[in-house]
1. Quick check: anything in the range 257-265 closer than 17 Å to residue 23 by Cβ and surrounded by fewer than 17 Cβ atoms within 10 Å (Cβ to Cβ)?
2. Residues that are within 10 Å of the ligand (Cβ to nearest atom) and either of a type in the set (Val, Ile, Thr) or modelled with pLDDT under 95 (or both): which helices (runs of 4 or more DSSP H) entirely in the range 189-297 hold 1 or more of them?
3. Filter the range 46-79 for residues that are assigned to a strand (DSSP E or B) and surrounded by fewer than 18 Cβ atoms within 10 Å (Cβ to Cβ) and give the result.
4. Is it the case that some residue within the range 12-26 is part of a loop (DSSP other than H, G, I, E, B), under 19 Å from the mean Cα position of the chain (by Cα) and among the aliphatic types (A, V, I, L, M)?
5. Could you grab me the full set of residues in the range 171-188 that are part of a strand (DSSP E or B) and surrounded by fewer than 18 Cβ atoms within 10 Å (Cβ to Cβ)?
6. Kindly establish whether residue 103 is among the basic types (Lys, Arg) and over 14 Å from residue 186 (Cβ atoms).
7. Might you check whether a residue that is crowded, with 16+ Cβ neighbours inside 10 Å and closer than 20 Å to residue 26 by Cβ occurs anywhere in the range 199-216?
8. Just to be sure before I move on: is residue 26 touching a residue at least 12 places away in the same chain (Cβ under 8 Å) and within 22 Å of residue 184 (Cα to Cα) in the structure I sent?
Amino acid sequence: MRFDFAQERLIRRDEPLSRHSTFKIGGPARFFSQPSDCEELLTALDFSSKHDLPWVLIGNGSNVLFGDEPYQGLVISLSCFEAERIEAEECDVRVSCGMSLPRLAQILAEKELGGLEFAGSIPGTVGGALVMNAGYSRDPGRRNEMGGRVQSVKVLSQDGVIRELKRDEIEFGYRSSNLEGKILIEAHLRLDRRMKSLILEEMKLNDLARSKTQDLCHPSAGSVFKNPGHAPYTAGKMIDLAGLKGFGVGNARISVKHGNFIVNMGGARATDVLDLIAIARSKVKEMFGVVLELEIRHISSEAMTAAHG
Ligand code: EPU
């Protein structure tokens, strides 16, 4: 395969995907790119179309499970995409979708802009969090989701055209949106004026509450399953009631702290995690008659033929 100069600089071969997933699991990607701006992103996309390669987009790899076998295509990570670009005017902020959420929350605190305190401890990029409408709340009665602050989103097409999707064109659901599969480059968010000390206090309380209930001490991808809509309990509670906390396969196990977290105890393989997923699903189905739906995205050449361009 021939690379031109720009592609040679931009595209790595046989990159271990375990380095790009908070699970720290995953075999190599045949090709991997971490573009820092639109031009580099388009160069990477052009490379994939010239060589007829499947491609897949990730943010910070905080919600994905990569397979153990090589990914036979191009993985594009947007975690370095204009990662520090943010412009604020009054309560309106335009931010790159490549910025990390904790970084964004920190900058907003400095600017005394409130409303995204809940995002301070979600380890994703702005773009990834928008696509899955990530959220966190200490109060189970509130949803606190990314979509709640969005005014518009800029989307890049593979041929380089940037289009702005307005709020009323975007549909946000529970851990889902109609932005899935799109290349998100910028978000326009509307926030509220709030004192820095109050924002920081709120973020501290969130951190504290999260570390009490969720397993943040081992590599994971956060919640594995969505909470089913019409079930007696949350996914974590059902897995807990099924007696599976602490149950392991290989070097992966269901967290002793939270039933909806699968953690990597060191050197876990994707197949270990997939086995645990199957076991949890089957036990929960048997006990509660509920079919659990994955929240994490499984990315492998075998598992996905759809989620690319
Ligand atoms: N519970 C148990 N056993 C467990 C886990 C939970 O009994 O093993 C109980 C808890 O005691 C609580 C209830 O189940 O009464 C709910 O648990 P938790 O507060 O941890 O919330 P969750 O529904 O499991 C959801 C999101 C999290 C988010 C928290 C807080 C999903 C799938 N998960 O968790 O999001 O941080 O609420 O807002 O929606 C993520 O999406 O990756 C994620 C971590």
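1. Yes: the range 257-265 contains one or more residues that are closer than 17 Å to residue 23 by Cβ and surrounded by fewer than 17 Cβ atoms within 10 Å (Cβ to Cβ).
2. Helices (runs of 4 or more DSSP H) meeting the threshold: 196-213, 235-241.
3. 72
4. yes
5. Result: 173, 176.
6. yes
7. The answer is yes, given that some residue of the range 199-216 is crowded, with 16+ Cβ neighbours inside 10 Å and closer than 20 Å to residue 26 by Cβ.
8. Judged against the criteria, residue 26 is not a match.
The values are calculated or read from the model by the stated rules, or taken from the named source; none is laboratory data. No experiment lies behind these values; they were computed from the predicted model shown. Backbone-built Cβ (ideal geometry, glycine too); neighbour counts: all protein chains shown.
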